[in-house]
Amino acid sequence: MSLSFLPFLDWIALVWFLICWVGYTQYARIQHSKRPTIANQLAANREQWIEKMLKRDVKISDMTGLGILQRNVTFFASTTIFIIAGLLTVLGSTQQAINLLSALPWIEIASRAAWEVKIILLVVCFAYAFFKFTWSMRQYNFAVVLFGAAPDQSCDKEEHKLFIKHTNWLLSRASNSFNYGLRAYTFAIAVLGWFFNSWIFILCSSIVVLVLYRRECRSATLDALYNASHHSNEKPLPDYWG
């Protein structure tokens, strides 16, 4: 099958986009086991949360906090459905959209097929995000059940340890699924650069990787999470407005 429906530079840009997304995902997984990141620091903070929860007789505040996390994921899942519906509507009105945007001097539309590939790529990004959000939402539902079945203070320490370990594992999975969905949103923003030209698409894909790396591995927010669970080795933080 001929691949000439996309210019050669567009193929390079698309491959670079996939390398950035898949490559950064694999890199982030490796870094989680080697150095502090947002994901593993949240896991440490969640472990402290669950430990303190088991010492409380009334767990209303804990269930409320878990419900807030669940509602955040639900909001993104429902929003993603509307975005996909909008993109499919645009895909069904391809010619009208091309006629409208072709008048803009900074928009490149090589062909109808090229336009449709770009829209389909956006649909794939948001469809992936939707599946991640819904799985995260279900995992938070399971965590609510575990919170309700939490052992009381009369149980032995071994039962407490097992509960903390497995509940934190489940919450970490839910948080990671949510993070993957948000990452898909971020890379979908990079795809918007493709509607201008391929070079901007390549640049946006690279910038997204740098932004994600800085936020997850080098941010002051990470340092604050680290300080909260490592009181003997506190890292300096900028002022609130930095």
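The values are calculated or read from the model by the stated rules, or taken from the named source; none is laboratory data. As the structure is a computational prediction, the values presented were derived from the model and not from experiment. Cβ atoms come from the backbone with ideal geometry, glycine included; neighbour counts cover every protein chain shown. Note: accessible area is taken over every heavy atom of the protein model, side chains too, but ligands, DNA and RNA are not part of it. Shrake-Rupley method; radii C 1.70, N 1.55, O 1.52, S 1.80 Å.
Checking the conditions here, which among Ser205, Ser177 is of a type in the set (Gly, Ala, Ser) and farther than 28 Å from Trp11 by Cα?
On the way: Ser205 fails: farther than 28 Å from Trp11 by Cα.
Among Ser205, Ser177, only Ser177 is of a type in the set (Gly, Ala, Ser) and farther than 28 Å from Trp11 by Cα.
So is Ser172 at pLDDT below 95 and not β-branched (Val, Ile, Thr) or not?
Working: at pLDDT below 95: yes; not β-branched (Val, Ile, Thr): yes.
So Ser172 passes the test.
Test of understanding: among Thr186, Thr167, which residue is β-branched (Val, Ile, Thr) and within 17 Å of the chain's Cα centre (by Cα)? Give the derivation first.
Details: Thr167 fails: within 17 Å of the chain's Cα centre (by Cα).
The match here is Thr186.
Please go through the range 213-228 and pick out each residue that is open to solvent by 30 Å² or more (accessible area, probe 1.4 Å) and without any contact (Cβ under 8 Å) to a residue 12 or more places away in the chain.
Correct list: Arg214, Arg218.
What number goes with the only condition from (1) part of a helix (DSSP H, G or I); (2) open to solvent by less than 80 Å² (accessible area, probe 1.4 Å); (3) touching a residue at least 60 places away in the same chain (Cβ under 8 Å); (4) not aromatic (Phe, Trp, Tyr) that Ala150 does not pass?
For Ala150, the failing item is (1).
Out of (1) of a type in the set (S, T, N, Q); (2) under 25 Å from the mean Cα position of the chain (by Cα); (3) farther than 30 Å from Trp115 by Cβ, what's the single condition that is false for Ser205?
So the condition that Ser205 fails would be (3).
Residue by residue through the range 161-176, note down the ones that are open to solvent by 90 Å² or more (accessible area, probe 1.4 Å) and over 11 Å from Glu51 (Cα atoms). It would help to see each step written out before you state the result.
So the first thing to find is which residues in the range 161-176 are open to solvent by 90 Å² or more (accessible area, probe 1.4 Å), and the list is 161, 165-166, 169, 173.
Scanning the range 161-176 gives His166, Trp169, Arg173.
Test Leu192 against the stated conditions and say whether it is farther than 25 Å from Leu66 by Cα, of a type outside the set (Phe, Trp, Tyr) and either part of a helix (DSSP H, G or I) or open to solvent by less than 20 Å² (accessible area, probe 1.4 Å) (or both). Explain how you work it out, then say what you get.
Details: farther than 25 Å from Leu66 by Cα: yes; of a type outside the set (Phe, Trp, Tyr): yes; either part of a helix (DSSP H, G or I) or open to solvent by less than 20 Å² (accessible area, probe 1.4 Å) (or both): yes.
Taking the combined requirement at face value, the residue satisfies it.
Quick check on the range 203-240: of everything there that is over 19 Å from Ala28 (Cα atoms) and of a type in the set (Ser, Thr, Tyr), which residue is modelled with the highest pLDDT?
Ser229
So which residues in the range 30-54 are surrounded by fewer than 14 Cβ atoms within 10 Å (Cβ to Cβ) and free of Cβ contacts under 8 Å to residues at least 24 places away in the same chain, if there are any at all?
Correct list: Ile30, Ser33, Lys34, Lys52.
Yes/no per residue for (1) closer than 22 Å to Gln48 by Cβ; (2) among the basic types (Lys, Arg); (3) open to solvent by less than 20 Å² (accessible area, probe 1.4 Å); (4) in contact with a strand residue (DSSP E or B) (Cβ under 6 Å, 6 or more places away or on another chain):
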{"position": "Lys132", "(1), (2), (3), (4)": "no, yes, no, no"}
{"position": "Asp156", "(1), (2), (3), (4)": "yes, no, no, no"}
{"position": "Glu159", "(1), (2), (3), (4)": "yes, no, no, no"}
{"position": "Ser198", "(1), (2), (3), (4)": "no, no, yes, no"}
{"position": "Val211", "(1), (2), (3), (4)": "no, no, no, no"}
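Working only within the range 115-130, note down all residues that are open to solvent by 20 Å² or more (accessible area, probe 1.4 Å) and of a type in the set (A, V, I, L, M).
Residues satisfying the conditions are Val117, Ile120, Leu121, Val123, Val124, Ala127.
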